[in-house]
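> The structure that follows is given in the form of structure tokens.
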Amino acid sequence: MSIPNIGGPSNFDSQPIRSTGEQVGGKGADGNFHIFSTDNTGALIVNTGGGGGTTTVQTALNSARTTPAAITFASSGNNTVIAAIGGKVIRVFRMALVVAGATNITFEDSTPTLFTGAMPFQANGSLVLDFTDEPWFTTAVGAAFVINSSNAVQVSGVVYFTQS
């Protein structure tokens with residue numbers, strides 16, 4: 001994580017936070033010097049003033065905090081890619097897949113809530129959903145993440161998700 005200087009010259013410009021609790025900082029637009037650090041969850045902590053107060057600004061999420069699951073099926077219809085766990089929500093943050101033959105792919109959960117319409121793919125067609133800090137898809141509580149294929153063709157890839 002690299003923290004840029006936020007509004008003025010400082011000898012702390014763009015120094016990365018290398019480990020939990022390490023502190024860096026910079027002069028804010030208010031003219032005050034602010035110290036940044038991270039906690040053990042990856043949350044960015046900003047010292048907000050002289051009284052020692054801090055504010056959690058952002059909980060960092062990166063691909064190291066997600067779980068990968070293989071995408072591999074060759075049947076038409078609904079294919080469960082990530083199984084449901086009671087009381088848990090699945091959030092998909094990254095995905096790559098390839099289809100071996102022509103098919104329409106639809107992403108949904110097991111309620112079924114459609115996340116996409118049917119997307120046509122030709123043979124050897126592929127899709128990459130790159131990592132973002134907001135999930136591409138979020139299931140209902142206790143629902144599985146499902147990929148529907150209109151034809152019985154091999155669909156392969158990987159999905160990175162959280163379940164909480």
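> Of all residues in segment 55-84 being surrounded by 14 or more Cβ atoms within 10 Å (Cβ to Cβ) and at pLDDT below 95, which is nearest to residue 144 (Cα to Cα)?
Step by step, filter segment 55-84, then rank; the result is 66.
> Could you please find all residues in segment 72-106 being in contact with a Leu (Cβ under 8 Å, 6 or more places away or on another chain) and of a type in the set (Phe, Trp, Tyr)?
Hit for segment 72-106 is 93, nothing else.
> Another question about this same structure. Within segment 89-119, can you find the residues that are buried (at least 16 other Cβ atoms within 10 Å of the Cβ) and either under 21 Å from residue 142 (Cβ atoms) or among the acidic types (Asp, Glu) (or both)?
89, 90, 91, 92, 93, 106, 107, 108, 109, 110, 115
> Would you check if there is a residue in segment 87-95 being more than 12 Å from residue 163 (Cα to Cα) and free of Cβ contacts under 8 Å to residues at least 12 places away in the same chain?
No: segment 87-95 contains no residue that is more than 12 Å from residue 163 (Cα to Cα) and free of Cβ contacts under 8 Å to residues at least 12 places away in the same chain.
> Also: So residue 116 fits all but one of (1) of a type outside the set (A, V, I, L, M, F, W, C); (2) in contact with a Phe, Trp or Tyr (Cβ under 6 Å, 6 or more places away or on another chain); (3) touching a residue at least 24 places away in the same chain (Cβ under 8 Å); what number is the exception?
For residue 116, the exception is condition (3).
> Of all residues in segment 114-164, which are hydroxyl-bearing (Ser, Thr, Tyr) and at pLDDT below 95?
Of everything in segment 114-164, those that are hydroxyl-bearing (Ser, Thr, Tyr) and at pLDDT below 95 turn out to be 132, 164.
The values are calculated or read from the model by the stated rules, or taken from the named source; none is laboratory data. Small disclaimer: the values here were computed from a predicted structure and weren't measured. Cβ coordinates were reconstructed from backbone atoms using ideal geometry, including for glycine residues, and neighbour counts include every protein chain displayed.
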